[in-house]
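Presented below is the structure to which this report refers.
A short reminder: the numbers here are calculations on the coordinates, not readings from a lab. The structure displayed is predicted, hence computed values, not measured ones. Note that each Cβ is placed from the backbone with ideal geometry, even for glycine, and that neighbours are counted across all protein chains shown.
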Amino acid sequence: MLYPVFVKLSAIMPPDSEDARKKKESPSLKGTAIRLLARRDYGRTELAQRLSRGGAAVEEIEAVLDEMAALGFLSDERYAELLVRQKQGRYAKRAIAQTLKERGLDRETAEAALSTLETADEADEALALWRKRFNAPPQDERERNRQMRFLLSRGYSMAVAFKVLKVVRSES
């Protein structure tokens with residue numbers, strides 16, 4: 001039976017200069033921002049929080065964020081619209097607004113993004129979501145409570161959840 005031999009890489013490979021090693025270990029703040037934005041969109045506040053984890057100065061972070069925004073890589077408006085489109089049809093308007101607030105988007109940007117939502121009746125949206133998820137009326141109290149919790153967890157009010165279950169019960 002052969003056993004792997006563990007050898008220090010420094011014993012095999014020639015030593016790098018100290019400057020080259022530092023460059024490999026810590027990418028620039030701008031490079032980190034571009035790498036993060038290449039994966040997905042971020043809001044300005046969220047990206048600032050991610051960049052500050054590396055211990056960079058606030059002034060440096062703000063300069064990088066301004067540069068990313070000037071290049072069109074960073075846009076709170078685009079990010080808010082993306083979040084609204086992702087959550088539309090699966091969450092209530094109230095839950096989407098809370099998500100936008102949690103992500104650090106300002107009130108005006110959030111309201112502009114939320115205005116793109118169709119102004120359909122909230123109960124109709126909840127009923128469509130319920131049909132997509134369950135499509136069968138609750139058979140007992142336990143099942144009814146489970147379906148109620150589902151609607152509440154998606155941001156619908158208690159009144160809307162009761163209304164949906166009442167409509168479902170009357171249809172069957």
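Tabulated values for the structure
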{"quantity": "Hydrodynamic radius by Kirkwood, which averages 1/r over all alpha carbon pairs of segment 33-97, in angstrom", "calculated": "12.8"}
{"quantity": "Paramagnetic reach from ALA95 (point 7 Å along Cα→Cβ, amide N under 11 Å) across segment 132-154", "calculated": "149-154"}
{"quantity": "Whole-angstrom Cα spans of segment 64-139 along principal axes, big to small", "calculated": "57, 19, 18"}
{"quantity": "Contact order normalised by residue count of segment 101-172, Cα under 8 Å, 6+ apart, percent", "calculated": "34"}
{"quantity": "Distance between segment 139-162 and segment 81-130 - C-alpha centres, whole angstrom", "calculated": "19"}
{"quantity": "Potential extension, ARG142-GLU118 segment - 0.36 nm per residue separation minus Cα distance", "calculated": "5.3 nm"}
